Amino acid sequence: MADKINYNNYNEDSIEVLEGLEGVRKRPAMYIGSTNATGLHHLVWEVVDNSVDEAMSGFGDKITVTIHKDGSISVQDEGRGIPVGIHKKTKIPAVQLIFSTLHSGGKFTESAYKTSAGLHGVGASVTNALSEYCDVTVYRDGKIHHLRFENGGRLVVPLEIVGNTNRHGTLVTFKPDAKIFSTIDFKWDTICNHLQESAFLLKKVHFYVVDERNGLSEDFFYEDGLSQYIGVINQNKEPMSDIISFDDVYNSSDRNNNLEPIQMELAMQYCNGDYGETVLSYVNNVRTHDGGTHETGLRMGLTRAVNDFAVDNSLLRGKMKLEGGDIREGLTAIISLRIPEEILEFEGQTKGKLGTPDAMTAVNNFVYTNLTYYLKEHHEFAVSLIKKCIDAQNARLAARKAKDEARKSKKPRNDIILSGKLTPAQSKDYKSNELFIVEGESAGGTARTGRDRIHQAILPLRGKPLNTDTNTMDKMLKNEEFATLINTIGAGIGTDFDIDDAHYGKIIIMTDADTDGAHIQTLLLTFFYHYMKPLIKNGSVYIAVPPLYRVHKEVNKEIVYQYAWDDASLAEAKVKIGSNYKINRYKGLGEMNSDQLWETTMNPRTRMLVRVNIEDPLLVEKRVGILMGKDASNRRKWIEENIDFNATDSFIEEVR
Ligand code: 0RA
């Protein structure tokens, strides 16, 4: 049937289609966020998401991602295969439409060929639009079907049957367009992290990844999904109990009767010596960074269950109830919901917040019921949990008291607990001010001399900052460096933190490019993560990247020079300077004078910064967990293996 149609018979609809893809090429960032490494990998996620949807519907339990030597990548699944029949209105095969129509999810709502691509984002057509080529092979109905696009989605090989098969599934191979992206180098770690996260969320499905450039391969497969996710996040912590997990469904009674139920899954664990709170939430396999109704429901159910248990067992003195925050100290929890499209609502600027009202009721009752039962069944754990919560409550009350006393003190606010080492910026235009937190007093002095006095403030650090993962808030507040930091930022901490009050638009961590420097970065990030999370979410925290080399020579009694940050720019610098060059290798900030430090690392026009972006929980928790955990040898090993000082990590983005 399908092979009798003349696919080259373009009509008005198909012209419209091409114009759509041209729009994507003109403004790629509108569709994939950016054209850097993050945007590049977005192309892969779009394609993988479709296979994940298919597996989630129960078709296919293996998804394979293969990075090829020529810079292309393929995604193969064992689902039903993308439909190849002719779409009635446009007379174009469905598979061709899916790869050439924007938001194809919506467009197919009325047809039999509905995809939920629209759920995740923009769909495979965007990947096609931004690719040098894109080959699609569909194994379906006993036949192998193939079509190919080139040069941003132009159909060059129309759908044809190329063989017989008894398999079913879809294979998509594409090569990102080098004219669009600043890099077309797929990163193994980035891809593994994403697929591992998908595998945790979609248990019992294999996510197999192969890198043909170097022979690496991994198979992410989890029988127990979320529980194993918790296990990885807490791998370097000291658990207080087993991992607790529940799942259930919720049928909304007052709505549309033939609606699919909401499916809920939760895994959680408490750890000793952990004063943070890690709650991750997902809806239809997509992370909801800004929480929403399901997270609210989780907090409500948890607070209710723990307080009711404590009251029923007379564990609280007087009538004082535990606050939610006291109950969440040391908690790692992951909640994953499947919500039918009909009642799916997202809010906020980035649509990262669930709005569906039913999700709150559903999760609140789900958590309350299951946790109440669990606490009763595990009495000893429950009692020790209440004790931990009471400790957290006492620490919080002590910290509040200390803060109130500091506030009441008559001294002007700025020198209450300032260490006296801060060199402030002169401008009161806070948004354009920058705070440099500098490793070491000597580099701090150099930075003070070299800085832009109007907009740049310097806070030198003596030694390693306190580890806020293993110390209480009370202890943190007594720490001179952190007290100074909190005061100079001037926006409070924790739930009191208000980013609008921040005295700096950028907080820049400037350390040596060695393991100690990386450790200091992580300790500071841990602090910001726990106590000033909005700064990180807002993209206000940066890491300065000092150059590693200076290539120079004398020409007519003058020094010509060029800085280099990595091997590639070193090669370029050597060419620019020409023969007989000399190379300085910088081992630390201390080896630069104030002019050099300004020019290379502080001057907004010439420096390189990386913006800290802790959106990837696996990367963050692995990094923070391993770096901050109790086992120092583990930490050193991890730093050596995972931090490439010549490159930027995948969770940070280069900016000026
Ligand atoms: C629409 C309908 C059907 C399957 C798919 C889309 C589908 C899309 C992708 C994308 C990658 N892999 C995929 N696998 C399937 C179902 C059609 C039917 O009823 O057979």
Requested in this report: State whether one or more residues within the stretch 167-183 are aliphatic (A, V, I, L, M) and outside any strand (DSSP E or B).
Outcome: yes
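Rundown of residues vs (1) in contact with a Pro (Cβ under 8 Å, 6 or more places away or on another chain); (2) surrounded by fewer than 21 Cβ atoms within 10 Å (Cβ to Cβ); (3) touching a residue at least 12 places away in the same chain (Cβ under 8 Å); (4) among the β-branched types (Val, Ile, Thr), yes/no style:
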residue: LYS506; (1), (2), (3), (4): no, no, yes, no
residue: ASP516; (1), (2), (3), (4): no, yes, yes, no
residue: ILE520; (1), (2), (3), (4): yes, no, yes, yes
residue: PHE528; (1), (2), (3), (4): no, no, yes, no
residue: MET532; (1), (2), (3), (4): no, no, yes, no
residue: ASN538; (1), (2), (3), (4): no, yes, yes, no
Query raised in the report: Based on what the data block shows, is ASP312 of a type outside the set (Gly, Ala, Ser) and touching a Leu at 6+ places or on another chain (Cβ under 9 Å)?
Result: no
Requested in this report: Only one of these is out of contact with any Pro (no Cβ under 7 Å at 6 or more places or on another chain), over 24 Å from HIS42 (Cα atoms) and surrounded by 14 or more Cβ atoms within 10 Å (Cβ to Cβ): VAL232, VAL162, VAL172, VAL209. Name it.
Outcome: VAL232
Report summary line: The residue that is farthest from LEU216 (Cα to Cα), considering only those in the stretch 54-93 that are within 11 Å of the ligand (Cβ to nearest atom) and in a strand (DSSP E or B), is ASP77
Report summary line: Per the list (1) surrounded by 20 or more Cβ atoms within 10 Å (Cβ to Cβ); (2) within 16 Å of the ligand (Cβ to nearest atom), residue check on LEU21 breaks on (2)
Query - Test for THR350: is it outside any helix (DSSP H, G or I) and open to solvent by 40 Å² or more (accessible area, probe 1.4 Å) - result: yes
Requested in this report: Kindly indicate which of LYS204, LYS187 is within 25 Å of SER72 (Cβ to Cβ) and among the basic types (Lys, Arg).
Outcome: LYS187
Query raised in the report: For the subset of the stretch 212-226 comprising residues that are within 20 Å of the chain's Cα centre (by Cα) and outside any strand (DSSP E or B), which member is surrounded by the fewest Cβ atoms within 10 Å (Cβ to Cβ)?
Result: GLY225
**Report entry** Residues of the stretch 73-85 satisfying the condition of being touching a strand residue (DSSP E or B) at 6+ places or on another chain (Cβ under 6 Å) and over 18 Å from ASP49 (Cα atoms)
**Finding:** VAL84
Query - Failed item in (1) touching a residue at least 40 places away in the same chain (Cβ under 8 Å); (2) open to solvent by 40 Å² or more (accessible area, probe 1.4 Å), with ASP498 passing the rest - result: (1)
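Yes or no, residue by residue, for (1) closer than 21 Å to THR495 by Cβ; (2) modelled with pLDDT of 90 or more:
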site: MET320; (1), (2): yes, no
site: ARG328; (1), (2): yes, yes
site: LEU331; (1), (2): yes, yes
site: ILE335; (1), (2): yes, yes
site: LEU375; (1), (2): no, yes
**Report entry** Selected residue (criterion: surrounded by the fewest Cβ atoms within 10 Å (Cβ to Cβ)) from residues of the stretch 121-154 that are in contact with a Ser or Thr (Cβ under 6 Å, 6 or more places away or on another chain) and under 23 Å from ILE184 (Cβ atoms)
**Finding:** ASP135
Query - Filter result for the condition that a residue is acidic (Asp, Glu), open to solvent by 10 Å² or more (accessible area, probe 1.4 Å) and outside any loop (DSSP other than H, G, I, E, B), over ASP452, ASP474, ASP469 - result: ASP474
Requested in this report: Output the number of residues of the stretch 30-53 satisfying the condition of being open to solvent by 20 Å² or more (accessible area, probe 1.4 Å) and either assigned to a loop (DSSP other than H, G, I, E, B) or within 16 Å of the ligand (Cβ to nearest atom) (or both).
Outcome: 7
Query raised in the report: Can you tell which of ILE583, ILE614, ILE543, ILE626 is modelled with pLDDT under 90 and assigned to a strand (DSSP E or B)?
Result: ILE543
Query - Unmet criterion (only one of (1) under 20 Å from the mean Cα position of the chain (by Cα); (2) β-branched (Val, Ile, Thr); (3) modelled with pLDDT of 90 or more) for THR38 - result: (3)
Query raised in the report: Which one of the conditions (1) open to solvent by 10 Å² or more (accessible area, probe 1.4 Å); (2) touching a strand residue (DSSP E or B) at 6+ places or on another chain (Cβ under 7 Å); (3) of a type in the set (Gly, Ala, Ser) does GLY325 fail to meet, given that it meets all the rest?
Result: (2)
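The values are calculated or read from the model by the stated rules, or taken from the named source; none is laboratory data. Here the structure is a predicted model, which means the values were calculated and not measured. Every residue, glycine among them, receives a Cβ derived from its backbone with ideal geometry; neighbour counts consider all protein chains shown. With ligands, DNA and RNA removed, areas are computed over all heavy atoms of the protein, side chains included. Shrake-Rupley method; radii C 1.70, N 1.55, O 1.52, S 1.80 Å.
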